[in-house]
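Take a look at the structure below.
Only the coordinates and a few stated rules stand behind these numbers; no lab work does. The structure presented is a predicted model; accordingly, all values stated were derived computationally and were not measured. So basically every Cβ, Gly included, is an ideal-geometry build from the backbone, and we count neighbours across all protein chains shown.
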Amino acid sequence: MELIARATAVVGGTIAFLRRMGSPAHQAFGATPDIPAARKQGIMTLKMPAAEGWKDGRLPVCAPGLKVNAFASGLDHPRWIEVLPNGDVLVAESKEQAGPPKTLMDHAAQATMRRVKAIGTSANRVTLWRDADGDGTAEIREVFVENQNQPFGMALVGNRFYLGNTDGIRVFDYVPGATALAGSGEPLVAFKPHGHWTRSLIVSPDGSKIYAGVGSLSNIGDQGMEAEEGRAAIWELDVATHEARIFASGLRNAVGMAWEPVTQKLWTVVNERDGLGDETPPDYLTSVVDGGFYGWPYCYWGKTVDDRVPQDAAMVAKAITPDFALGGHTASLGLCWMPDGTLPGFGAGMVIGQHGSWNRSKLSGYKLIFVPFENGMPRGPARDILSGFLSEDEKLAYGRPVGVTLGPDRKSLLMADDVGDIIWRVTGAS
């Protein structure tokens, strides 16, 4: 496998260099992005920095007026964060479980992912971290629940704790203040595993519904649409009846979700398809409506047809254009609403953890960014909150942003870093 990884790095680097000469000068960002025409790649671009981690006192770079510290460290691929009402912080530790590679491209992709610790043996647990003395660093660690199947999203409704495993949602009884769950939980909804495996969860403002992001199996329905049934969607689970249905579809890989408080709309970040160029199409942030269809796999950014896919004109006709482009292949995963006054110098808006690209000639993402909102919609350019996750030559990744949420004090952000194996805490500098 190491030999394949080295060969992939050499070949991928050569292809990336050649494609970089013709790559767009600007990212496709904003409400009206300039999206280049598709350029079919044939052999997909593979470019991934090696996982380095944080050494010799190196830290992420903060925006002016902010500071960052490690709230928790020594984790095993932390992906998602949930803050409980008593201030305890839950962290899902898991990673992709790669199946047997079927093609040479599968071998190359898996070798590339291993270089940055994206696939391997999964911890399959949720840990609890408690900052008992309030100094901004957790000093108590407990195993909250273990022996799960790639756990990711978490949600608490009353005294019932919901966990999004890759193969479905389970619910456990929760005792306030407890540092561990009892029992194996009750299965509520089954999802098809593999492919885009994360299962993010969010509770509706009234506590009656839980929404779950379920990504596609493949890039563009490569194994047929029957294999994609129930996928590339956001599901809705009724808390009282346990009935579940697809809420919105055509979302290739919707991960983070958040509620915008002015309009009470659900928003999500979506990872778009590969193989059409560095900026084509861009990942995006969008509001989500009940019954809405967002294009995958037939089209992107509204009704731009992907002619690699057997077409359905009726589906293209009803595709909804996303609200805000986030750049091509930024792998925008984490999402939370940040109220005005949380961080100095930043107003109200969405905070997005951009995990970073592996499939374009010039790397993108690898940042924690802020998109300001006004009257329920994005307004103005995005701003960096944390950067510095990549070496200048793009060969090393010190960290990769994933899940983000408000800290227990509501005056900080917590962000999972699955290469640094750290939960970072961002606050005002003074």
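Close amide H partners of Val419, meaning residues 5 or more places away or on another chain with modelled amide H under 5 Å apart, are Arg400.
Relative to one another, the C-alpha centroids of segment 120-156 and segment 363-418 are positioned 21 Å apart.
Considering helices alone, the calculated mean residue ellipticity of the chain at 222 nm is -2500 deg cm²/dmol, with DSSP H runs of length four and up weighted by -39500 (n - 2.57) and normalised per residue.
For the chain, with a Gaussian network of springs between Cα atoms less than 10 Å apart, report the residue from Ala240, Ala313, Ala254 with the top mean-square fluctuation. Comparing Ala240, Ala313, Ala254 in a Gaussian network model of the chain, the most mobile one is Ala240.
Shown in residue order for segment 240-252 are the 3J(HN,Hα) couplings computed by the Karplus curve 6.51 cos²θ - 1.76 cosθ + 1.60 at θ = phi - 60°: 6, 9, 6, 6, 10, 8, 6, 8, 8, 9, x, 9, 3 Hz (x for Gly and Pro).
Step through the table entries Lys192/Lys303; Lys67/Lys395; Lys67/Lys367; Lys265/Lys362; Lys95/Lys367; Lys40/Lys367, compare each Cα-Cα distance with 23 Å, and write down the pairs that go over it. From the list (Lys192/Lys303; Lys67/Lys395; Lys67/Lys367; Lys265/Lys362; Lys95/Lys367; Lys40/Lys367), the Cα-Cα distance tops 23 Å for Lys192/Lys303; Lys67/Lys395; Lys265/Lys362; Lys40/Lys367.
The largest-to-smallest principal axis extents of the Cα set in the chain are 54, 52, 46 Å.
Taking packing as the residue-averaged number of other Cβ atoms within 10 angstrom, the listed peptides 155-163, 280-288 run from highest to lowest as 280-288, 155-163. Less than 5 angstrom separates the built amide H of Arg252 from those of Trp296, all sequence-distant by 5 or more or on a different chain.
A dipole drawn for the chain from +1 and -1 charges on Cβ atoms has a positive end, and of Trp54, Ser218, Gly277 the residue lying farthest that way is Gly277.
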